[in-house]
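One structure below.
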Amino acid sequence: MFRKLLLTLLLAGTVAATASARAPRVKVEWGVLGGINIPDYTTDMSRTDIRNKLGWQAGMTVALDMGALAVEPQIFYVRQGLRIRPEGMGELNLRSNSIDVPILASFRLLRPVRIYAGPVFTVMNDARQKTGGDLLDFGRIRPTVSFTAGVGVKLLSHLLIDLRYNGQFRAKRDVILPDGSTVLNKLRTYNFALSAGYLF
């Protein structure tokens, strides 16, 4: 009886050790990122002129690295800007501030290259209109859920350079001023973001 129990325990231990050896080891990677973004705001209002301004972003990344694949949640503070001149109105200088949370699948088959894709959740977004020396609330001008795809390269064990395309699933239907007038209809926003970061 004792011999059977001992053999059973040894067999169970061997199976568990083999399964553990075959299972991918999860490594936790984290770091800080910062860079520039080149926004492209467009609208179907033909007589509304839009001029995009260079923006920037900064944030943190955490990756659960399982070898060929990693799950990579991130958080970014994103600053963008644009100038718009609606028909019959003066030029409006807008500053957009948002907190974006990308949840990425990071494919790492060809190290040190990694390929990203995933949804982006914008949990806070406000635009402010600069008039003289005052900043007035303008409203949301970015989608709540969008997507990103890109490629990154890890250099010298800790340095990360990545380039991403950020898009949206559908246009924002309209942007309305506090007085009820429609300033932008079917506003779309895309951007390319170039970031550099340090991974710990």
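Every number in this text was worked out from the coordinates using simple rules, so none of it is lab data. These figures come from a predicted structure and were not determined experimentally. Every residue, glycine as well, gets a Cβ built from its backbone with ideal geometry; the counts of neighbours run over all protein chains shown.
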Partner lysines for residue 186 [C-alpha distance under 25 Å; skip if fewer than 8 residues away on the same chain]: 53, 130, 172
How are the C-alpha pair distances of segment 32-157 spread across 5 Å bins, as whole percents from the shortest bin up? 2, 10, 16, 21, 15, 12, 9, 7, 5, 3, 1, 0
What does the charge count near residue 59 come to, summing +1 for each Lys or Arg and -1 for each Asp or Glu among other residues with Cβ under 14 Å from its Cβ? -1
Could you check the spin-label model distance between residue 136 and residue 44? Points 7 Å from the Cα along Cα→Cβ, value in nm. 2.8
Two-decimal ratio, segment 109-168, of alpha-carbon radius of gyration to 2.2 N^0.38 Å: 1.65
Label-point gap, in nm, between residue 26 and residue 190 - each point 7 angstrom along Cα→Cβ: 3.6
How much FRET efficiency would the formula 1/(1 + (r/R0)^6) give for residue 62 and residue 144, where r is the Cβ-Cβ distance and R0 is 35 Å, rounded to 0.05? 0.95
Simple spin-label estimate for residue 110 and residue 200 in nanometres, 7 Å along Cα-Cβ: 3.2
Straight-line reach check, residue 154, cutoff 17 Å on alpha carbons, 8 or more apart in-chain or any other chain, hits among lysines -> 27
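Net charge around residue 50, counting only other residues with Cβ within less than 12 Å of its Cβ (Lys, Arg = +1; Asp, Glu = -1)?
+2
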Over segment 86-137, one equal point on each Cα, no solvent: what is log10 I(q)/I(0) by the Debye formula at q = 0.15, 0.23 Å⁻¹? -0.64, -0.89
